[in-house]
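Colleague: Before I ask anything, let me first share the structure, which is written out below as structure tokens.
Each value in this text was obtained by applying a stated rule to the coordinates, not by laboratory testing. Note that the structure is predicted; figures quoted are calculated from it, not measured. Here the Cβ positions follow ideal geometry from the backbone for every residue, glycine too, while neighbour counts run over all protein chains shown.
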Amino acid sequence: MAMDIAKEQGTAKVEQRVVYESGNEMAAYAAHQINYHIMGYFPISPSTEVAQFLDLMKANGQHDIKLIPSDGEHSSAGICYGASTAGGRVFNATSANGYMYMLEQMPVQSGTRFPMVMNLVCRSVSGPLDIHGDHSDLYFALNTGWPILMCRDPQSVYDMNIMALKLAEDPEVRLPVLVASDGYFTSHQKRRVHTFANREDVLKFVGEQPPAGFPHTLDRNNPITVGPYMNEPDYINNCYQQSEAMYRAEKVFERIAGEYELLTGRKYEMLDLYRMEDAEVAVFLMNSASEIIKDVVDNLRSQGIKAGSIAPNMIRPFPQRQIAEVLKNVKAVTVGDRADSYGAHGGNMTNEIKAALFTYGNKTTQVVSRVYGLGGKEFYAEDGHHLFSLAIEAANKQKVEVPFDYYGHTPGDAEKAPKRVLNPLRFEDLKTGLIKVTQNEETGKLGVRIPPLRSLTKKPKRIAPGHGACPGCGIFSGLELFFKGIEGDIVALFHTGCAMVVTTGYPYSSHKATYIHNLFQNGAATLSGVVEMFWERKRRGELDHLGLQDDFTFVMVTGDGGMDIGMGPAIGAALRNHRMIIIEYDNEGYMNTGAQLSYSTPLGHRTSTSNIGSVQKGKVFHHKDTAQIMAATNIPYVFTGSEAYPQDLVKKAAKAQWYAQNEGLVYGKILIACPLNWISPDDEGTNIVDAAVSSCFFPLYEVERGETMITYNPEEKGKRVPLVDWLKTMGKTRHLTKPENSEALAEFEREVNRRWQILLAKHEHPFL
């Protein structure tokens, strides 16, 4: 689309600078200029970059925002809510299923009237899993009580983020505000953006903090109760007041936008109208697609067709009056919804526009509804022409032949249905009988005898080659080694993560055994349901016809930080003691979303949200010991393993299977290399994880029936290496070996040694 340079430059009254950045960068840039007090966040594509950019600026001392990495989006929403009750300025960003996970908290925040600003970088809500942009998450936000501002390009992301805070804190509104932009369109595409040159001008515009008269939980002279229990009469009154505040937000936004225009020369009305002054046909689109459609309008106008386009800058409150006014002389409008409202005969915007026309007595404008662009499907000028053709047809016929449909979907072809390309694994090939597990009658502990590992190479791999993992990725070498110790059939559930994404690109799958996917936060609960359904159906005799030669082994695979957001359900499954295995591949970060810190990231290690700079030197707190946490649930068997010690891992896998089939839940943790994000050579993964074991950072041990046994002690073998030798093998940690970071290195060494000494004590004393 051709840019209106004069309009972009405007008539600014404050000094501005021009940058060339993406929408995510501009959200972070606005936040750093405002200098919020708190950001509680959790990484999810495509919004993760907002936190990354802020952390990089933080590392170099460019702002004072306290960035709090949470253990999941529900937690991040709680952090933000708590911080907002304490009177400061609060910021967040999320997308898609992350927003779904925090959804419960959204009405809590708005219902108790505590302001904050959150960027929703819009993305498809799974399943199946799709990480690209549409508005299916945005439409869930419509009933949460948050005013919603819309951003069609990086410029509006910047501007709306600044206006959003002023709107949220206005005494007539006092509500949290959502700023919505399109994932992977606006969020990642760069363009020229005009910004305030000086932070002082931004702060002068948004106003005093905290606003006078706002109650908060840190005022000892005015203690308050937040979120009390309310009975019926009071609750409806509270909702009425919130509703009134939402409708007032329209007038307040218009006033704020007017003030912003005077300062910057950039104008944001409730509706962005393009050539609608005499339009007879129109298309309504939101965000990024609404810019593309303007070229189509120009083309149709050159053909003598009176076309125009409408895009809202705000959808909560919905600009009903303005919509009715602009459509009063329009013969037909096509409304494009980038999400469906299943069963409602149109998307949310379609039905709101129909309601607006009905409310204002317009019975003549024809409304065509089309759902388009789902899952990030691109929107081109030819698509815009199609939407206009529908409106032109309806205007000519004065009726709509097909009121609601999808646009851009393709009919199925039975001849192209996915076909099985791999035969199911044969039980006879998987149940080799080469691994012998025996139980000691007195202690109840297991003994395992395995053959030479070369004898197990004839067992077929559970995961086919040809997946899309990075060169040198340790996930599949580690998992396949573990699976060598598992006899017979498995049912596997994979959390979202690298292992899931690179093996299941539809219509193909690398999994030879039955495979299930669920999101980080609920994998353990999901597999628990599968396990219990298996045993119950088996008890009722409903599976006899399948001719099962042995019981399944149920395995949940997690990693990429999954034991942060998924820790609660995992502990719940452990306390219920379902007969299943949870195996964690620990790559020390959220690698599938771009190497953000997880709670398993060690102290001082660099990630994209624990950057290295003049005032920050990597992650600032110690790593989480998930094996010890799970051992505290008193499950039958817990272990750690490494592909650098294959016999040890295969033996532990055999034990894990026995316990999972006979007694209850098993948890195992395998340290695996991630060369891309560890910044290490592709072919050095085994040596690097070996050094982690030999330095006692990642000790090999098992907790069997509550008793701890170290299965490899490098000190006894005379093979313990200094921790710094391991750190030197990775680019993400070499900064710790420099003299200026000696204090951080010493703290890391103290913690590693402390945990090793505790483990030694547990090894020596069975009751610890």
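Colleague: What is the spin-label model distance, in nm, from T514 to F621 if the labels are put 7 Å beyond Cα along the C-beta direction?
Modeller: Calculated label separation equals 4.0 nm.
Colleague: Okay, moving on. Have a look at the DSSP beta bridges in the range 332-469 and tell me what percent are antiparallel, nearest 5. Intermediate values should be presented prior to the final figure.
Modeller: Working: 4 of 13 bridges.
Roughly 30 percent of the beta bridges in the range 332-469 run antiparallel, per DSSP.
Colleague: What are the residues whose amide H is under 5 Å from the amide H of Y41, where those residues sit 5 or more places off or on another chain and H is modelled from the backbone?
Modeller: When sequence neighbours closer than 5 places are left aside, the close amide H contacts are I68, S70.
Colleague: On to the next question. Of the lysine pairs in the range 357-424, how many meet both conditions: Cα atoms under 28 Å apart, and a spacing of 8 or more in sequence or different chains?
Modeller: Values: K363/K397; K363/K399; K377/K416; K377/K419.
Step by step, the pairs that qualify in the range 357-424 add up to 4.
Colleague: Now a separate question. Using the structure shown, select from K267/K306; K58/K617; K652/K732; K717/K762 the pairs with a Cα to Cα distance greater than 21 angstrom.
Modeller: Values: K267/K306 24 Å; K58/K617 11 Å; K652/K732 30 Å; K717/K762 19 Å.
Among K267/K306; K58/K617; K652/K732; K717/K762, the Cα-Cα distance tops 21 Å for K267/K306; K652/K732.
Colleague: Still on this structure, I have one more. How far is helix 23-34 tilted off the main Cα axis of the chain, in degrees rounded to 10, range 0 to 90?
Modeller: For helix 23-34, the angle is close to 80 degrees.
Colleague: Identify all aspartates and glutamates with a Cα-Cα distance to K738 below 20 Å; exclude those on the same chain that are fewer than 8 residues away in sequence.
Modeller: D725, E747, E749, E751
Colleague: Right, something else. I'd like the Karplus ³J(HN,Hα) series for the range 37-46: coefficients 6.51, -1.76, 1.60, θ = phi - 60°, whole numbers in Hz, and an x wherever there's a Gly or Pro.
Modeller: Those phi angles translate into 6, 9, 10, x, 9, 8, x, 8, 6, x Hz.
Colleague: Could you give me the ³J(HN,Hα) list for the range 450-455, computed from phi with Karplus coefficients 6.51, -1.76, 1.60 and θ = phi - 60°, whole Hz, x at Gly and Pro?
Modeller: 10, x, x, 4, 4, 5
Colleague: Dipole size in debye (nearest 20) for the range 277-400 around its Cα centre, Lys and Arg Cβ +1, Asp and Glu Cβ -1?
Modeller: Working: 14 positive and 14 negative charges, 98 e Å.
Here the size comes out at about 480 debye.
Colleague: Starting from the Cα of K461, draw a straight line to each of the lysines and keep only those under 16 Å, dropping any in the same chain fewer than 8 residues away.
Modeller: Filter leaves K431, K484, K512.
Colleague: Per the Kirkwood definition applied to all pairs of different Cα atoms, how many angstroms is the hydrodynamic radius of the range 449-542? Numbers along the way, then the final one.
Modeller: Numbers: mean 1/r = 0.0662 Å⁻¹.
After inverting the pairwise mean of 1/r, the radius is 15.1 Å.
Colleague: Moving to a separate point now. Give me the angle, in degrees from 0 to 90, between the Cα long axis of helix 48-59 and the longest principal axis of the Cα atoms of the chain, rounded to the nearest 10.
Modeller: That works out to roughly 80 degrees.
Colleague: With θ set to phi - 60°, apply the Karplus curve 6.51 cos²θ - 1.76 cosθ + 1.60 along the range 422-430 and write out the HN-Hα couplings as whole Hz, x wherever there is a Gly or Pro.
Modeller: These are the phi-based 3J(HN,Hα) values: 10, 6, x, 4, 8, 4, 5, 7, 8 Hz.
Colleague: Kindly state, to the nearest 0.05, the FRET efficiency for E532 paired with K738, given R0 = 51 Å and r defined as their beta-carbon distance. Walk me through the intermediate numbers first.
Modeller: Details: r = 53 Å, r/R0 = 1.04.
In this case the efficiency is close to 0.45.
Colleague: With a cap of 10 neighbouring Cβ atoms within 10 Å, and only residues DSSP puts in a loop, list the trypsin sites (Lys or Arg not before Pro) found in the range 217-286.
Modeller: Numbers: sites: R220, R248, K251, R255, R266, K267, R275; in loops: R220, R266, K267, R275.
Counting only loop positions with at most 10 other Cβ atoms within 10 Å, the trypsin sites (Lys or Arg not before Pro) in the range 217-286 are R220.
Colleague: Residues in the range 454-478 near a label at E428, defined as backbone nitrogen under 14 Å from the 7 Å Cα→Cβ point?
Modeller: Under 14 Å, as judged by backbone N against the label point of E428, lies no residue of the range 454-478.
Colleague: To continue, here is another question. Set Lys and Arg Cβ to +1 and Asp and Glu Cβ to -1, take the dipole of the chain about its Cα centre, and tell me which of T94, N221, V367 lies farthest positive.
Modeller: T94
Colleague: Please work out the ratio of the alpha-carbon Rg of the range 38-175 to 2.2 N^0.38 Å and round it to two decimals.
Modeller: On the way: Rg = 14.2 Å, N = 138, 2.2 N^0.38 = 14.3 Å.
With N residues counted in the range 38-175, Rg over 2.2 N^0.38 Å equals 0.99.
Colleague: Here's something else I'd like to know. Nearest 20 debye, what's the magnitude of the dipole of the range 39-119 about its Cα centre given +1 on Lys and Arg Cβ and -1 on Asp and Glu Cβ? Display every interim value, and only then the final one.
Modeller: Values: 4 positive and 6 negative charges, 53 e Å.
About 260 debye.
Colleague: Considering only A573, A344, L54, whose Cα is most displaced toward the positive end of the charge dipole of the chain, charges sitting on Cβ of Lys, Arg (+1) and Asp, Glu (-1)?
Modeller: Of the candidates, A573 comes out farthest on the positive side.
Colleague: Continuing with the same structure: Using only Cα atoms and rounding to the nearest 10 degrees, what angle (0 to 90) does helix 685-694 make with the longest principal axis of the chain?
Modeller: Relative to the chain, helix 685-694 is tipped by roughly 60 degrees.
Colleague: Which one of V650, T607, T503 is farthest out on the positive end of the charge dipole of the chain, using unit charges on Cβ (Lys, Arg +1; Asp, Glu -1) and the Cα centre as origin?
Modeller: V650
Colleague: Evaluate the distance, in nm, between pseudo-label points positioned 7 Å from the Cα of K458 and of N634 along their respective Cα→Cβ axes.
Modeller: The two pseudo-label positions are separated by 4.5 nm.
Colleague: Only Lys, Arg, Asp and Glu count, each charged at its Cβ (+1, +1, -1, -1), so figure out the dipole size of the chain about its Cα centre, rounded to 20 debye. Mind dumping the intermediate values first?
Modeller: Working: 78 positive and 89 negative charges, 174 e Å.
So the magnitude is around 840 debye.
Colleague: In terms of Cα to Cα distance under 13 Å, which aspartates and glutamates are near enough to K538, apart from those fewer than 8 places away along the same chain?
Modeller: Correct list for K538: D550, D551.
Colleague: Could you give the Stokes-Einstein D for the range 523-593 in µm² per second, using the C-alpha Kirkwood radius, 37 °C, 0.692 mPa s?
Modeller: Details: Rh = 13.5 Å.
Calculated translational D: 242 µm²/s.
Colleague: So if we plug the beta-carbon distance of R192 and N237 into 1/(1 + (r/R0)^6) with R0 = 35 Å, what FRET efficiency do we get, rounded to 0.05? Display every interim value, and only then the final one.
Modeller: On the way: r = 48 Å, r/R0 = 1.38.
It comes out at approximately 0.15.
Colleague: Need one number: % antiparallel among DSSP beta bridges in the chain, to the nearest 5.
Modeller: On the way: 28 of 90 bridges.
If we restrict to bridges inside the chain, about 30 percent are antiparallel.
Colleague: Could I get the Rg over Rh figure for the chain? Both from C-alpha atoms, Rh via Kirkwood, rounded to two places. Intermediate values should be presented prior to the final figure.
Modeller: Details: Rg = 29.0 Å, Rh = 28.7 Å.
With Rh from the inverse mean 1/r over Cα pairs, Rg/Rh is 1.01.
Colleague: Simple spin-label model, 7 Å along Cα-to-Cβ: H216 to K445 in nm?
Modeller: For the pair H216/K445, the computed spacing is 5.6 nm.
Colleague: Net charge around G488, counting only other residues with Cβ within less than 12 Å of its Cβ (Lys, Arg = +1; Asp, Glu = -1)?
Modeller: -2
Colleague: Related question: So what is the 222 nm mean residue ellipticity for the chain from helices alone, if each DSSP H run of at least 4 adds -39500 (n - 2.57) and you divide by all residues, rounding to the nearest 500 deg cm²/dmol? It would help to have the intermediate numbers written out before the result.
Modeller: Details: 27 runs with 286 residues, N = 768.
Taken over the chain, the calculation gives -11000 deg cm²/dmol.
Colleague: Still on this structure, please answer the following. Contour minus end-to-end for R301 and Q398, with contour as 0.36 nm per residue of separation and end-to-end as the Cα-Cα distance? Mind dumping the intermediate values first?
Modeller: Numbers: separation 97, 0.36 × 97 = 34.92 nm, distance 2.10 nm.
So the chain would gain 32.8 nm between R301 and Q398.
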